[in-house]
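The values are calculated or read from the model by the stated rules, or taken from the named source; none is laboratory data. Nothing here was measured: the structure is a model prediction, and the numbers come from that model. Cβ atoms come from the backbone with ideal geometry, glycine included; neighbour counts cover every protein chain shown.
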Amino acid sequence: MKVHTLDQPEMRQKYQIAGLPTVLVTKPGGEEIDRTLGYMKTAHFIATVEDYQKGIGTLAATMAQEKEKSKDPAFLYQLGKKFFTHSRWDDADRRYAAVVSLDPDNKIGDADDAQLGRANVEGKKEDYAKAIAHCRELTTRWPLSDLAPDAISYIGWYATQGGMTRQAIAAYTEYLKHWPTGDDAEYVKEELEKLKNPAKKD
């Protein structure tokens, strides 16, 4: 069954959809086994669903491993992502925070992802000031991270959502200064134009 939750927000709320696309894998009676979030290549998606049906890789199965892997940043990051997919924001944030604590120098390469995950958690909770703070911490701690441009772009977006126009303009301007040809450059230019000229019609 396919549901356009943007048109049916009550369904999005009922199933606690964290983002789109989300696919719920259920038993014949409708009981959820697990879910996926985001686009996946066909082969990966099929393998994931088949694993879920065998009880492999589900949230429950992953949680069962946490005690023995509580010091493994890579594992905790994946667990945090699982919780995020299930809209369990506080559970996700605790695991993301643990990843940053266990790998402060980002040697494994998941700490910056986890830090951005913390920002996304706060964004989902509509605490945009905290989301911005987490993004800024990422750029301060790991300025050379591949995620630094994303973090600055997100600051602009979160500031816009929170009605912090000056901060949004500053963030988008910073992005274009450092990454004028970055992946999000065109989007950033469009958003910056909207903020600077709010009365301008498309």
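Could you please find all residues in the range 177-188 being farther than 19 Å from residue 144 by Cβ, surrounded by fewer than 17 Cβ atoms within 10 Å (Cβ to Cβ) and either touching a strand residue (DSSP E or B) at 6+ places or on another chain (Cβ under 6 Å) or in contact (Cβ under 8 Å) with a residue 12 or more places away in the chain (or both)? Matches in the range 177-188: 187 only. Going through (1) outside the structural domain of residue 136 (by TED's automatic domain parsing); (2) polar (S, T, N, Q); (3) closer than 30 Å to residue 133 by Cα one by one, residue 53 falls short only on (3).
Checked against the criteria, residue 72 does not count as more than 23 Å from the chain's Cα centre (by Cα) and surrounded by 13 or more Cβ atoms within 10 Å (Cβ to Cβ). What about residue 49, is it more than 21 Å from residue 127 (Cα to Cα), hydrophobic (A, V, I, L, M, F, W, C) and part of a helix (DSSP H, G or I)? Considered against the rule, which asks whether it is more than 21 Å from residue 127 (Cα to Cα), hydrophobic (A, V, I, L, M, F, W, C) and part of a helix (DSSP H, G or I), residue 49 comes out as yes. Among the residues making up the range 62-109, those that are outside any loop (DSSP other than H, G, I, E, B) and small (Gly, Ala, Ser) are 74, 80, 92, 97, 98, 101. So which residues in the range 107-135 are within 12 Å of residue 151 (Cα to Cα) and surrounded by fewer than 17 Cβ atoms within 10 Å (Cβ to Cβ), if there are any at all? 133, the sole residue that qualifies.
The set of residues in the range 82-97 being surrounded by fewer than 21 Cβ atoms within 10 Å (Cβ to Cβ) and free of Cβ contacts under 8 Å to residues at least 60 places away in the same chain consists of 88, 89, 90, 91, 94, 97. Criterion applied to 163, 156, 182 was being in the same structural domain as residue 109 (by TED's automatic domain parsing), within 27 Å of residue 106 (Cα to Cα) and either in a loop (DSSP other than H, G, I, E, B) or among the hydroxyl-bearing types (Ser, Thr, Tyr) (or both), and the one residue passing it is 182.
Please work out if residue 18 is in contact with a Ser or Thr (Cβ under 9 Å, 6 or more places away or on another chain), within 30 Å of residue 142 (Cα to Cα), touching a residue at least 40 places away in the same chain (Cβ under 8 Å) and outside any strand (DSSP E or B). Criteria met by residue 18.
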